[in-house]
Amino acid sequence: MGIELITKYFKELTASQTGQLELLQELYTEWNAKINVISRKDIDNLYEHHVLHSLSVAQFIRFQDNSRILDVGTGGGFPGIPLAILFPQCRFVLIDSIGKKIRVAKEIADSVGLKNVVLLHENAMDEKGKYDFIVSRAVMPAPDLVRMIKKNISPQDRHAIPNGLICLKGGELQEEGASAMQAIGKTLKNGTGFRIADISDWFEEPFFETKRILYIPMSK
């Protein structure tokens, strides 16, 4: 399935956004043949397994204009590049410790004309900026990640939920969420704890049956 899978769920896309998303299949196929950033047997599932999966973040939260988002361990640009297309008035910084993956992501971001993205060959421990939200796709266990990026969360909230970490993950996440809260010294209170959202509540494809979002509030 191609771009029609994205427009099925995101009917508000402009012609420009649809065009940018349509370019991704050709670009990732071309670059993946040179530098493997997506499993070669998975490249035909780009829109379902990678683009739409990334955009599930937008079903959990709609970023307000001028928000700053950090994508840790972006690899070939997921979830950062699809989210940057969807939220052109937000600022995205995509980092990865593997230089060749950042090179591919930068080439693709440039090719689709993204002006709201900065890509850095960098370890999260070295990133100094402040962000409203940090997104990540199964890079490492959440407790390890929150320890690494708690310094990067802006204390000034502008959304209905506190600034924090939004992870795309699979499996059972209750224990991991609780451990992440403990790792940043937060106690679980009614209305202030971590959240787990089932992506299958938004997307009907079988691929998403085991896919979830883990949200860790970190600004308060």
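Bear in mind these aren't lab numbers, they're just calculated from the coordinates by the rules spelled out. Keep in mind it's a predicted model, so treat the numbers as computed, not measured. Every residue, glycine among them, receives a Cβ derived from its backbone with ideal geometry; neighbour counts consider all protein chains shown.
The residues on offer are K128, K211, and the sole one that is more than 18 Å from F87 (Cβ to Cβ) and touching a Gly at 6+ places or on another chain (Cβ under 7 Å) is K211.
Taking the criterion of being in contact with a Cys (Cβ under 9 Å, 6 or more places away or on another chain) and either without any contact (Cβ under 8 Å) to a residue 12 or more places away in the chain or surrounded by fewer than 22 Cβ atoms within 10 Å (Cβ to Cβ) (or both), the residues of region 99-144 that qualify are N116, R137, A138, V139. Applying the condition of being over 24 Å from N163 (Cβ atoms) and without any contact (Cβ under 8 Å) to a residue 60 or more places away in the chain to region 46-82 and asking which residue is surrounded by the most Cβ atoms within 10 Å (Cβ to Cβ) yields G76. Counting only residues that are touching a residue at least 24 places away in the same chain (Cβ under 8 Å) and among the hydrophobic types (A, V, I, L, M, F, W, C), which one in region 14-45 is nearest to H159 (Cα to Cα)? Once the filter is applied, the top-ranked residue is L21.
Take F87 and decide whether it is farther than 19 Å from M218 by Cβ, in contact (Cβ under 8 Å) with a residue 12 or more places away in the chain, in contact with a Lys or Arg (Cβ under 9 Å, 6 or more places away or on another chain) and not small (G, A, S). Answer is yes for this residue.
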